[in-house]
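Reading through the structure tokens given below for one structure.
Rule-based calculations on the coordinates, nothing more; no lab input. All of these numbers come straight from a predicted model, not from anything done at the bench. So basically every Cβ, Gly included, is an ideal-geometry build from the backbone, and we count neighbours across all protein chains shown.
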Amino acid sequence: MGINWGSLKTVAGFLGAIVLTQFGGNASAIAADTVIVRLGLFTESISLTELQKAAKTGELPESLQPYTKELSEQQRRFFLGALGMNIPMNIVTVDKLVNSRIGTTILNDFATALARKDKAGVQALRAGLVLGSAAPQGLSILSFIAAYPSKRLEIDLPQAFLVAGSLNTAFWRTQQFMLAIAPQLDSKTPQIAFSFDPSQPGNAQVKILNLSLNDQNRNRQIPVDIYWSTAATPDKPVIVLSHGFASVRTDLRYLAEHLASHGYVVAALEHPGSNQANTDLAFQGKTRVMKPQEFLDRPQDISFVLDELEKLNQTANHPLQGKLATNKAMIIGYSFGGGTALALAGAELQLEHLKQRCQKNLAILSLGEDMQCIAQELPENSYQLRDARIKQAIAFNPTTSLIFGETGLTKIQVPTLVLTGSADKTTPALTEQIVGFNKIPSPKWLVGIVGGTHLSVKDPSTTLDQIGQPNTPISGGEVVGEQAADVRKYVKAIALAFAFQMTPEAKNYAVFLTSDYAQFASTAAFPFRLITEIPPDAMAVVKEFVDK
């Protein structure tokens, strides 16, 4: 694209003053013919005719000059191109989106940029979106303005700057994808009986063993919490948990306890170069936020922990002696840890394209992409970090868009489950998980949490800092704690069912890794989707995004 993030925000701010209001329809009895941009006490009127002419001729109208005179030629072209851009989403899809939980949340944000005397901003936006998508040319800025159910469309420009970034193609494409992979989700309850509930705790009492392991070869001190019970047996895989960037080993504590209660031994370790302690030191100016070597050290941390667990397995009189099947382990990673899990499963780090993209200072629209760009400092262009002891992998909200290049994910050699949230701003679903999922060899599963945010799968004890956080285009608005209880319940069920696929009881739990169970477990707040292959309609959404 060639537009840096600062420039994009400049354009998006002004463009957002119009774009945020594009959601209207052609069939309304009253339609807007004028856009009023308000900046404090000052206002500027822009007629729909002027905007239509600008889109047709490629020339900015004179009334826009006060706002656009500081823009570069490239930014002007971007603005004019956006005026003529259509969003190819049909009326049925748009109607479902704007009436969904996450759609209503976004519309509420958009409505704050409208200067209306009444409280009907959300309703006007919702009606406009649905009707606008029925326009012959499809949903666009101009078709919206022409259809907005009011003669005047008045926008608070400063507020528009705050929320403009929420309207992005990747976000809406993700919503379209989620609908496409399970269009009949809400139609009826699946006609299938589930004989037990895998989200319920097992009968075993969970114990926690705290270790501090020293990898002398790499000078890495690695804290590990071992969740286990006397029900643990060597016919069940050892499960290792890898936390997210700038976080802690209790990221998924509720899940570790759940799995341990069913007889699994779970090792939750902390990566010293990318944990919260390291980030705290970085904020004090004592170290880097993260060194590029961390992309290599994290998988090696897992391999080292498996080595140490095998020693414990053979230590006489140790409570874990004979209980650890380290030769058939399962990895569960969250966020950056999700990328770590995929690398251990065989995904190859391919950095040539990443280095080209990141060095060009192109628009970095997510924190996940920004973090991956740290890897451009690594000396080689490819790295293979697979550990053959890893026989299955689960990746929650993983980072994959840049670090694995074009074909790195095709080298995964074990059954893999990827989870994604439709409202994830940190590692956006379409770019970070969905596009990559299509490259992973089968057997594989894609779980979609409609309305789930980046932190929804985390243990409530690790999301207390979200209280009072502002909701911005790239962060905030996280659905966590008690609000995300439905998500964590489903995560416990599918993670347990996935782990059981490596045991003699595999068939008893396979039913919970189906779309039927996802539909059964869905709630009003969080519809769940589960697929093993992307269907053609949804694949068209992915392909269109990739081609752009």
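For each pair in Lys236/Lys311; Lys328/Lys489; Lys311/Lys411; Lys236/Lys444; Lys236/Lys411, compute the distance between the two Cα atoms and list the pairs where it is over 22 Å. Violating the 22 Å limit, Cα to Cα: Lys328/Lys489; Lys311/Lys411; Lys236/Lys411. The loop-placed trypsin sites (Lys or Arg not before Pro) in region 330-412, going by DSSP, that have at most 16 neighbouring Cβ atoms within 10 Å of their Cβ come out as Lys360. Each residue of region 380-389 was assigned a 3J(HN,Hα) from its phi angle through the Karplus expression (A = 6.51, B = -1.76, C = 1.60, θ = phi - 60°), giving 9, 9, 8, 9, 10, 10, 4, 10, 5, 6 Hz with x at Gly and Pro.
Each principal axis of the Cα atoms in region 207-547 has its own extent, and those three values, largest first, are 57, 49, 42 angstrom. Remark on Leu530: its backbone amide H falls under 5 Å from those of Gly448, a criterion applied only to residues 5 or more positions apart or on other chains, H modelled at 1.01 Å from N.
For region 417-467 versus region 476-522, the inter-centroid distance based on Cα atoms is 13 Å.
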